[in-house]
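**Q** Can you keep this structure in mind? I'll have questions shortly.
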Amino acid sequence: MSLTKAQQKAYKKMKEAKNKAPTGSSSEGKKKSEADKLAHICQICRQSFIVTAKAAQLVEHAHSKHPKSTEAECFPELPEMGWSAPG
């Protein structure tokens, strides 16, 4: 059984409408964007770290990826996290 061009077109539109994602912002999208704002971001290379990242992980990144820079240059929020530079 073959479909006419009009039937094929109508079937395709119906299928696309069914698969189309709802427009607008969802609560999940808002939660993700808010979490992304709280993420730790290296100020040199802009690599992001999840909110639950420990200060030691951020310092390790700073030492391995940016040896000529200080930890505070990479992550200005380190002192607020309770990290003090050794020395």
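The values are calculated or read from the model by the stated rules, or taken from the named source; none is laboratory data. Predicted model, so just to flag it, every value in this text is computed and none were measured. Note that each Cβ is placed from the backbone with ideal geometry, even for glycine, and that neighbours are counted across all protein chains shown. Heads up: the accessible areas ignore ligands, DNA and RNA and are worked out on the full protein's heavy atoms, side chains in. Shrake-Rupley method; radii C 1.70, N 1.55, O 1.52, S 1.80 Å.
**Q** Which angle from 0 to 90°, rounded to the nearest 10, does the C-alpha axis of helix 27-38 make with the longest principal axis of the chain?
**A** On a 0 to 90 degree scale, this one is about 20.
**Q** Which Cα, out of Pro67, Val51, His40, lies furthest along the positive dipole direction of the stretch 40-87 (beta carbon charges, K/R +1, D/E -1)?
**A** Pro67
**Q** Now for a different question. Using alpha carbons only, how many degrees (0 to 90, rounded to 10) separate the axis of helix 55-65 from the longest principal axis of the chain?
**A** Relative to the chain, helix 55-65 is tipped by roughly 90 degrees.
**Q** With θ set to phi - 60° and the Karplus curve 6.51 cos²θ - 1.76 cosθ + 1.60, what are the ³J(HN,Hα) couplings of the stretch 41-51 in order, to the nearest whole Hz, using x for Gly and Pro?
**A** Those phi angles translate into 10, 5, 6, 8, 9, 6, 6, 9, 10, 4, 4 Hz.
**Q** Keeping the other protein chains in place, figure out the carbon and sulfur percent of the accessible area of the chain, with a 1.4 Å probe.
**A** Solvent-exposed carbon and sulfur of the chain make up 56 percent of the total.
**Q** How far apart, in nm, are the 7 Å Cα→Cβ label points at Ala6 and Gln47?
**A** Between Ala6 and Gln47, the simple spin-label model gives 6.1 nm.
**Q** Also, I was wondering about something else. Would you mind getting the accessible area per residue of the chain, heavy atoms of the protein chains only, 1.4 Å probe, in Å²? Don't skip to the answer; put the middle values down first.
**A** Details: 7380 Å² over 87 residues.
Counting only protein heavy atoms, the per-residue value for the chain is 85 Å².
**Q** Do the sum for the chain: with -39,500 (n - 2.57) for every DSSP H run of n ≥ 4, divided by all residues, what is the mean residue ellipticity at 222 nm, to the nearest 500 deg cm²/dmol?
**A** One gets -14500 deg cm²/dmol as the mean residue ellipticity at 222 nm.
**Q** In degrees from 0 to 90, rounded to the nearest 10, what is the angle of the helix 5-19 Cα long axis to the longest principal axis of the chain?
**A** Its long axis makes an angle of about 30 degrees.
**Q** How long is the gain from Asn19 to Lys65 if the chain were fully straight, where each residue apart is worth 0.36 nm and the alpha carbon distance is subtracted?
**A** Gain in length upon complete extension: 12.3 nm.
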